[in-house]
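Just below is one structure, and these are the notes that go with it.
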Amino acid sequence: MKLSIKKLGVIEHTYRHLDRYRQILAIFFKYGFGDLLDRLRLEPYLGKSLDLVAKNRHRLDGFTKYERARMAFEELGPTFVKLGQILSTRPDLIPIDYVRELEKLQDDLPNFAFSEVQRIFQEDFGAEPEEMFESFDRKPLAAASLGQVHKARLKTGEEVVVKVMRPGVRAIIETDLEIMMHLATLMERHVAEFQIHRPTRIVEEFARGLETELDYKFEAANATRIAKQFKEDPRIYIPTISPDVLSSRILTMEYVEGIKVSDIKQLRLRGHDLEKIAERGFDLLMQQIFVNGFFHADPHPGNLLILDNDVICFLDFGVTGRISQRERENFIDLISYIVRMDETRLLDALLRLCVYEDDPDRLQLGSEVGDVVDRYFHIPGQTMDFGRFAHHLLEVLERRGVSLRPNLYVMIKSLSMVENMAKTLDPGFEVVEHVKPFVKRVQAKRYSPHHVFNELFLASIDALRLAKDLPFELRSILLKANKGKVKLEFEHKGLDPLLATLDRIANRLAFAVVLAAFIIGSALVVLAGVPPTWGGIPVVGIIGFLIAAVMALWLLITILRSGRM
C-alpha cells in the first residue's frame, strides 16, 4: 500500500494536523529557526496558535545551524529522523555541511507494548505470536524508528529474530509528509535561498524512498538477492529469511550469534585474524558494488558480525544501493586515472558521474580536483583517508555547481563506512593498495575477449533494431509534419526575474493610463457642468477626482515600497 501522496500540500484543519503542526514549529523555534516564521507567512494557516509556538523560542549559543537542524530532527521523531538519514545520502539535494551533520542521526526509540505486537500478528496472520512460534520473547532486543526486534524459536527448532513494524507509523508518516510538503511549498514561494534546492522535490523523493522501508517484503527480497550473489563464497554469510512468517509489517530472519566487528577485545580473545577481517570486509563490499552492482548500503559496525573462521555476516538489508554497469566502469576509470595521476582523463571520468545544469569551468574545476587528489593520494608516508577525500571532493564540486549522482554518493558512503571498520581492525590498512589489484581484475575482465565480443554482439543487436525501426519512425514524423502536428517546445531559463519586472512595468503603465483617464474624464465633467452639483461643482466630477487621488496615492506608495523611483 502506497503512502498517501495525493494529499501532500493540503493541510486538513483537524486537531490531529494542527496539534502536530504546532509541535513541529515549536521544536524548530526551540532550536533557533524562529526567523523562518515571518518569512514563511504561516499566520493564515495557524492563526492564534502561533502565539503558543512563539513561547518556545530559545537561544542555543555554541551550536552551528547544522547541529541545531540535526537536534531538531531527532526530537521530531520517526519521520524526520528517516528524512534526515535519507538526506544524509543526497548531497545533490542539500549542502554538504548538512549532509555531514545528518549522518550522525540516531533512531533509538522506546519499545512499544507487546499487546500491539499481538494485534499486528492477528491482523496479518490471524494468530498470536505464541501460536506461530515454539517460543517468542515478549521483551524486544532493540527498537528503532520504524519497528522493533524480538527473539523467537520456530516450531522446527531454528532460532530467529522477528521484526515488527511500529503500530500507526504509516499514519504518523503520512501526517508529517503532508505538513512537510506544505512547509516546503511555503519555502519555495517565500524564501529565495531555498528555491534552488527545491524543497518540494526533496519531500517527494523522501516519500518515494520511504516506501521500501515501510514494507518488510522489500528487505526480505534484498537479503535473498545478496545471498544468491554470494552463494558459493565461504567468506560471507547472509541470514536465511523465513517466508512462512513474512508480511509487509513482519519479517522473520535466522538468528545469528557472532561478535560485533567493533568489539576488538573479544575478537582478539577468540583468536580472530583482524587484518584478514579488514581486508575481507573491504573486498566483499567492493565485489558487491563493482561486480554485482547491488550492495548493502548501511554496513556500520552494528550490521556486521564476525563468525568462526573470520566469516563476515551482514545484517539489516532495509537500505541497499544499485549502480549500473556504465557507472561502475566510469568509477573504475576514475580510480585508475587517480592512481596514474592522469588529471585530464580524471576530470572527464568524474564529470560523467555527476549531474549539473550549466557546464562548469573545466580549467578551474580540474585544478581544484587535482589539488584534492594530490593532498590525499600522493603525499609520501601518509595513509589514504577515503572518507575525508570524498567529502573534500564533494565540497569542491558543490562550489562549482556540480553534484554526484545520488546512488554513487550512497556507494561512496558505504565504502567510507567499511574503510573506517577496516582501519579500526588494522590501523595500517591502506585503501589504495587494496583497490589497485581489484581495479586490475575488473579491468582485465572488462577488456577480456569474451566481454568485448559480448558487448559488440549486444551493440550490433541494438544497431540492427535501430536500423529496422528508423524508417517507421521517420515516416511517422513526416506524416505528423504533413498534417501540421509536429510541435517544437522551447524552455527558457533564467528569465523569470526579467519577466516579473516587465509584468510589474506593464501593470503600472496600465494603472497610470486608467488614472489619467479618471482625471481627464472628471475634468471634462466639471467643465461641462453636468448636474447634480455641490457648491457649483458637478458631484460626478468630485467623485472622479477623489478616486484619481486615491489611485495616485496607492501608485506612489507601491513605487516607494519597492525601493525604485
Practice task
Figure the gain on full extension for residue 104 and residue 466 (residue separation times 0.36 nm, minus the Cα-Cα span) and round it to one decimal in nm.
Solution key: 125.4 nm
Fill in the blank from the handout: Sequence order, the stretch 290-304: Karplus ³J(HN,Hα) from phi using 6.51 cos²θ - 1.76 cosθ + 1.60, θ = phi - 60°, Hz rounded, Gly and Pro as x, gives 8, 9, 8, x, 9, 9, 5, 9, 9, x, 6, x, x, 9, 10
Problem - Whole-Å distance, taken between Cα centres, linking the stretch 103-168 and the stretch 359-424 - result: 41 Å
Fill in the blank from the handout: Applied in sequence order to the stretch 514-523, the curve 6.51 cos²θ - 1.76 cosθ + 1.60 (Karplus, θ = phi - 60°) yields integer Hz couplings, x standing for Gly and Pro, of 4, 4, 4, 4, 4, 5, 5, x, 5, 5
Problem - Long pairs among 151/276; 155/217; 65/265; 139/413; 231/445; 65/104, criterion Cα-Cα beyond 26 Å - result: 151/276; 65/265; 139/413
Handout entry: Residue exposure sequence - 534, 554 - by fewest surrounding Cβ within 10 Å
Key = 534, 554
Practice task
Would you mind ranking 357, 123 so that the residue whose beta carbon has the fewest other beta carbons within 10 Å leads the list?
Solution key: 357, 123
Handout entry: Residues listed by number, the stretch 409-442, amide nitrogen under 12 Å from residue 300 label point at 7 Å toward C-beta
Key = 417
Handout entry: Coil-residue chymotrypsin sites (Phe, Trp or Tyr not before Pro) of the stretch 316-393, DSSP, other Cβ within 10 Å capped at 14
Key = 356
Completion exercise
For the stretch 267-345, listing trypsin sites (Lys or Arg not before Pro) in a DSSP loop whose Cβ sees at most 14 other Cβ atoms within 10 Å gives 270
Exercise for the section: Pop a pseudo-label 7 angstrom from the Cα along the beta-carbon direction at both residue 433 and residue 506 and give the gap in nm to one decimal. Expected result: 7.0 nm
Handout entry: Per DSSP, loop GluC sites (Glu not before Pro) in the stretch 252-288 with at most 11 further Cβ within 10 Å
Key = 257
Handout entry: Two-decimal log10 I(q)/I(0) for the stretch 259-469, as the Debye equation yields it once each C-alpha is a single scatterer, q = 0.09 Å⁻¹
Key = -0.42
Completion exercise
Rounded to one decimal in nm, the spacing of the 7 Å Cα→Cβ label points at residue 268 and residue 329 is 4.7 nm
Fill in the blank from the handout: Quick note on 405, 166, 201, ordering by fewest other C-beta atoms within 10 Å, gives 201, 405, 166
Practice task
Taking the Cα centre of the stretch 259-469 as origin, sum charge times position over the Cβ atoms of Lys and Arg (+1) and Asp and Glu (-1), and report the length of that vector in debye to the nearest 20.
Solution key: 520 debye
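Bear in mind these aren't lab numbers, they're just calculated from the coordinates by the rules spelled out. Computed from a predicted model, the values in this text were never measured in an experiment. Every residue, glycine among them, receives a Cβ derived from its backbone with ideal geometry; neighbour counts consider all protein chains shown.
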